[in-house]
Amino acid sequence: AVVSTQSGHYGRDLIEKQRTYDNDTILSAYQLILLEQLVLTYLLHGNTSKALKELHKCTNVYQKHHTHLKHHRVALHTALGLYAMVLPDGLDNAQAQFTAALKHTAEPEQIAFIKLNSAIVHLKQGLPSEQLHSLLESIEPSKMPNKCHSLKASSYCIQGIAAMFEGRLPDAKRKLRETVVMANKADLNKLTGCAFLLLASIFMKMGNYKDAIDMVKSASEIAYRIPDTSLQLWSVDLLATLHGKSEQPEEEAHFTTKKLEILNTMDSETSKAVNLPEHNLLQWLDSEFPACSMSMV
């Protein structure tokens, strides 16, 4: 779950004011949790540079109180990995951060979450099938931690993506439909949107453009309601392609224009982020603290 930026800022500011009077490590722990949630919210909304600045604040709080906050290191590396995933050519950095995160936890839910994201990176990178299958076996739905509904739903989704890549479309549809059922039960909106778009891609491959368009429109409603810029981009890109295949040039042009608008906004944000000094946080892997953290306070 992510917090709204308004409530996150309010909570963060209250804690900052209190800490001017009481430098309690419990307050610092709450502050770190709120900052971590703000990072995820900014990434979801496409505010990459703001996410990175909040990540820098996280590492500063962690460094000042690391004796009591050591267990937060895994969350920081994981958040850096998620940040890297939205960057052009950021997949190697993302994988390095996820690998670093796994060194600092023995918690089954954290391990599963990191491995699920690592699998997405490897799918995008085209990992050799033998290595990919080994990874996918380790994150099968049946191997997810007990009672963790969201991780199990995510596992079905990733298994569905892998089946799509290998051309096993009936198996992919079955897994993605299971994802939708599970995600809807728990209000996992982003996951529902992803599954809809993946199913739409399958329908498009099968030449069923009408159902594909309907599926994308449902995903698009979710994307703009959250809001989630990556889902928005994916939606309009698919709609442009589908209307092109359906010989609807006006609709195709409309969604192509929207796609370019979103791309320009995202490119501007990522360009701003990679040029910030805080971007060097991605170099933090093995050392106790980031080399660039406290120097930027």
Normalised contact order of the chain, rounded percent, pairs of Cα under 8 Å and 6 or more residues apart: 15
Set Lys124/Lys152; Lys175/Lys272; Lys50/Lys70; Lys147/Lys217 screened for pairs whose C-alpha atoms are more than 28 Å apart: Lys175/Lys272; Lys147/Lys217
Descending principal axes extents, region 61-203, alpha-carbon based, whole Å: 52, 33, 25
Distance cut-off 21 Å, percentage of C-alpha pairs in region 37-132 lying past it: 34
Region 250-279 and region 47-114: distance between their alpha carbon centers, rounded to Å: 24
For the chain, diffusion coefficient by Stokes-Einstein and Kirkwood Rh (Cα), 37 °C, 0.692 mPa s, µm²/s: 161
Highest average packing first - 44-55, 277-288, Cβ atoms within 10 Å: 44-55, 277-288
Partner aspartates and glutamates for Lys190 [C-alpha distance under 13 Å; skip if fewer than 8 residues away on the same chain]: Glu221, Asp228
Heavy-atom accessible surface of the chain: percent carbon and sulfur, 1.4 Å: 52
Binned Cα-Cα distance frequencies in region 185-297 - 5 Å width, integer %: 2, 12, 17, 16, 14, 10, 9, 9, 6, 4, 2, 0
Whichever lysines have a C-alpha closer than 16 Å to that of Lys205, once near sequence neighbours (fewer than 8 apart) are set aside: Lys173, Lys245
Dimensionless Rg/Rh of region 111-158 - Kirkwood Rh, Rg from C-alpha atoms: 0.96
The chain: DSSP helices with Cα axial extent of at least 15 Å and average Kyte-Doolittle hydropathy no lower than 0.5: 25-45, 73-85, 149-165, 189-205
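The values are calculated or read from the model by the stated rules, or taken from the named source; none is laboratory data. The structure displayed is predicted, hence computed values, not measured ones. FYI the Cβ positions are ideal-geometry reconstructions off the backbone, even for glycines, and counts take in every protein chain you see. With ligands, DNA and RNA removed, areas are computed over all heavy atoms of the protein, side chains included. Shrake-Rupley method; radii C 1.70, N 1.55, O 1.52, S 1.80 Å.
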